[in-house]
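The values are calculated or read from the model by the stated rules, or taken from the named source; none is laboratory data. Every value quoted in this text rests on a predicted model; they were computed, and no experiment measured them. Glycine also receives a Cβ, built like all others from the backbone with ideal geometry; neighbour counts cover every protein chain displayed.
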Amino acid sequence: MRRMKTLIAEDDFASRKSMLRFLEQYGECDVVVDGREAVEAFEMALENGEGYELLCLDIMMPVKDGYQVLSEIRELETKRGIPEEQKIKVIMTTALTEGRNVTRAFELGCAAYAGKPIDQEKFENMLRKLELIP
Ligand SMILES: [Mg+2]
């Protein structure tokens, strides 16, 4: 099975730990604890030619929030001319499930939206829909 490379951006220790435990079964995972680190990790991976396929992105995080991270990442991809199908897939993982939060995230280019706490079965279906896992 193809191994998926994932970046988890989450400032809450317990959420981070459970996401990591769950996603590690599909491949390599890196973890960052705030928005600035998330953008840095994303850029570093691109520069090394080993970009992530999936970003699990919290919204409420220190330094930069998830919206800011998502828009910076899409900007970086555009600047580098990364084709649509090679762009990182972003799943917002957040407790903010109100309509306007969801709408804003999709406008910025997320692929899916998962309320916290993460329901692993639903999350797995999401990964399958995004063709990240078989
Ligand atoms: Mg948070």
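Pairs under 6 Å by beta carbon, first residue over 13 Å from Leu132 (Cβ atoms) and of a type in the set (Asp, Glu) in region 72-93, partner at pLDDT 95 or above and surrounded by fewer than 20 Cβ atoms within 10 Å (Cβ to Cβ), six or more apart or different chains?
Glu77/Lys87
Hey, among the residues in region 42-52 that are assigned to a helix (DSSP H, G or I) and surrounded by fewer than 16 Cβ atoms within 10 Å (Cβ to Cβ), which one's modelled with the lowest pLDDT?
Result: Glu47.
Pick from Val39, Val69: which is within 14 Å of Ile91 (Cβ to Cβ) and part of a helix (DSSP H, G or I)?
Val69
Does region 80-118 hold any residues that are under 16 Å from the mean Cα position of the chain (by Cα), surrounded by fewer than 16 Cβ atoms within 10 Å (Cβ to Cβ) and of a type in the set (A, V, I, L, M, F, W, C), and which are they?
Ala95, Phe106
If you check Arg21 against the conditions, is it at pLDDT 95 or above, closer than 16 Å to Ile118 by Cα, among the basic types (Lys, Arg) and away from the ligand (no atom under 16 Å from the Cβ)?
So Arg21 fits the description; yes.
Somewhere in region 25-35, is a residue acidic (Asp, Glu) and within 13 Å of the ligand (Cβ to nearest atom)?
Yes, region 25-35 contains a residue that is acidic (Asp, Glu) and within 13 Å of the ligand (Cβ to nearest atom).
Just checking, how many residues over region 16-37 are closer than 10 Å to Asp58 by Cα and either small (Gly, Ala, Ser) or surrounded by fewer than 18 Cβ atoms within 10 Å (Cβ to Cβ) (or both)?
Adding up the residues that qualify gives 1.
Look through region 1-15, keep the residues that are within 16 Å of the ligand (Cβ to nearest atom) and surrounded by 15 or more Cβ atoms within 10 Å (Cβ to Cβ), and return whichever of them is farthest from Gly115 (Cα to Cα).
For region 1-15, the residue satisfying everything is Leu7.
Pairs only if they're at least six apart or on different chains, beta carbon under 7 angstrom, first in region 41-64 and more than 21 Å from Leu132 (Cβ to Cβ), second among the small types (Gly, Ala, Ser); list them, first residue then second.
The qualifying pairs are Met61/Ala9; Met61/Gly35; Val63/Gly35; Lys64/Gly35.
Can you pull out every residue in region 50-83 that is of a type in the set (A, V, I, L, M) and either touching a Gly at 6+ places or on another chain (Cβ under 9 Å) or away from the ligand (no atom under 16 Å from the Cβ) (or both)?
Scanning region 50-83 gives Leu54, Leu57, Ile59, Met60, Met61, Val63, Val69, Leu70, Ile73, Leu76, Ile82.
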